Structure formats: C-alpha cells, structure tokens
Amino acid sequence: MLTLDNSLYIQMINFIFLVIAMNFIVYKPIRKILTQRKDKVDGLQQNIDTCKNDISERDNDLKEGVKKARNQGNLKKEAILQEAAEEEAAIIEEINKKAQENLKDVREKIIKDVEEVKASLLQEVDTFAGNIGQKILGRAV
C-alpha cells in the first residue's frame, strides 16, 4: 500500500524548487531570446513594408514622370509639326510668287516675240502677196 510520509513533502519541495530553478536558468533566457527574435523579425517586417511602400511610390513617380515626358514630347512634336507646316506654306507661297513672276516674264516675252514676228511678216506681206499673185496669175504684178 501507499503510505504518506515526509518523503512526499520533500518531493513536493524538490519539484517546486526545480520548477523555480528551471524558470530562472532555462525558461527566462529562452523567453528573452524568443522575445528578441520576435522584435527583430517585426523590425525586419517593418523594413520590408517600408521598402515596398518606397518602391511603389518610386514606381508611381516613374510612371508619372514618363507620362509627363510623353505629354511634353507630344506637345513639342505638335509645335514642330505646326512650325514645319507654316514653313511649308511660306515656301509654297514663295514658289508660287516666283512661278507667277516667271509666267509673267514668259507671257511678256511671248507677246514681244509675237509682235516682232508680226512686224517682220507685215514687212514681207507685200513680197509674199506679189509672189502669190504671180503664181496665181502666171505673170508679174
């Protein structure tokens, strides 16, 4: 049978002493290390979250910068195209003016040549008329 004597009290005191000793020697340092590790992991997680936020902000800034640059490029392109169209119109206008001047000069030259030919033909009309008359009549006129 089982008897309760002083050894039970000694075993209880021994158990309580071991629990307290284990708490100071093993459990507290392990808890302290686990707490430090948890704090370190939490700090690293905060750093990761901060880096993710920074990356997303930089990505948004980059996208916005590209969008602004594209818009500015399109505006410059439009300005250059407008300037080129104006320059083209000026060149075409200048060419048209030169063509009109050339056309005027050619017309004046043609009119002058026609008048010269007409004057020379008028001088020779009598000769031609006489020759034709001689050929038709068969005698000198």
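The values are calculated or read from the model by the stated rules, or taken from the named source; none is laboratory data. Worth saying up front: this structure is predicted, and the values here are computed from it rather than measured. Because the Cβ atoms are built from the backbone with ideal geometry, glycine has one as well, and the counts that use them run over all protein chains shown.
Given the criterion surrounded by fewer than 10 Cβ atoms within 10 Å (Cβ to Cβ), out of contact with any Lys or Arg (no Cβ under 9 Å at 6 or more places or on another chain) and among the charged types (D, E, K, R), identify the matching residue among 39, 61, 5.
Unique residue meeting the criteria: 5.
Residue check: is residue 81 at pLDDT below 90 and surrounded by 10 or more Cβ atoms within 10 Å (Cβ to Cβ)?
Answer is no for this residue.
Is it fair to say residue 122 is surrounded by 10 or more Cβ atoms within 10 Å (Cβ to Cβ), of a type in the set (A, V, I, L, M), out of contact with any helix residue (DSSP H, G or I) (no Cβ under 7 Å at 6 or more places or on another chain) and part of a helix (DSSP H, G or I)?
Considered against the rule, which asks whether it is surrounded by 10 or more Cβ atoms within 10 Å (Cβ to Cβ), of a type in the set (A, V, I, L, M), out of contact with any helix residue (DSSP H, G or I) (no Cβ under 7 Å at 6 or more places or on another chain) and part of a helix (DSSP H, G or I), residue 122 comes out as no.
Could you please let me know if residue 13 is over 60 Å from the mean Cα position of the chain (by Cα) and at pLDDT 95 or above?
Spelling it out, residue 13 is indeed over 60 Å from the mean Cα position of the chain (by Cα) and at pLDDT 95 or above.
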